[in-house]
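As structure tokens, the structure follows; a few thoughts come after it.
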């Protein structure tokens, strides 16, 4: 937790439970990935398959944030200077 920034990448349906525990429940010693909730600059990146165990409201919430983000900066990939960059269908956000 001493890092300035933390990025967790979760892909595939076999990691869906880990994502649900990370996002929808509190910090728990059984799921150490949930500690990212305490980091001031933590970020979780996932693909569609990894969201299978999430509540529909959770998925809709994060998709709405992504939509607003795209409206504010445009849908073009603007690189690592505060924008969105696609990598094999996975989008990540980088902030300085």
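Some notes on this structure:
- Picking from residues in region 41-96 that are modelled with pLDDT under 80 and in a strand (DSSP E or B), the one that is surrounded by the most Cβ atoms within 10 Å (Cβ to Cβ) is 84.
- Among the residues making up region 13-27, those that are loosely packed, with under 13 Cβ neighbours inside 10 Å and out of contact with any strand residue (DSSP E or B) (no Cβ under 9 Å at 6 or more places or on another chain) are 14, 26.
- Hey, residue 35 touching a strand residue (DSSP E or B) at 6+ places or on another chain (Cβ under 7 Å), assigned to a helix (DSSP H, G or I) and either closer than 15 Å to residue 16 by Cα or at pLDDT 95 or above (or both) or not: no
- Where residue 32 falls short, out of the listed (1) without any contact (Cβ under 8 Å) to a residue 12 or more places away in the chain; (2) closer than 21 Å to residue 66 by Cα: (2)
- Residue in region 29-36 that is surrounded by fewer than 16 Cβ atoms within 10 Å (Cβ to Cβ), over 15 Å from the mean Cα position of the chain (by Cα) and more than 23 Å from residue 1 (Cβ to Cβ) present: no
The values are calculated or read from the model by the stated rules, or taken from the named source; none is laboratory data. Since we're looking at a predicted model, the values are computed, not measured. As a convention, Cβ positions derive from the backbone with ideal geometry for all residues, glycine included, and neighbour counts pool all protein chains shown.
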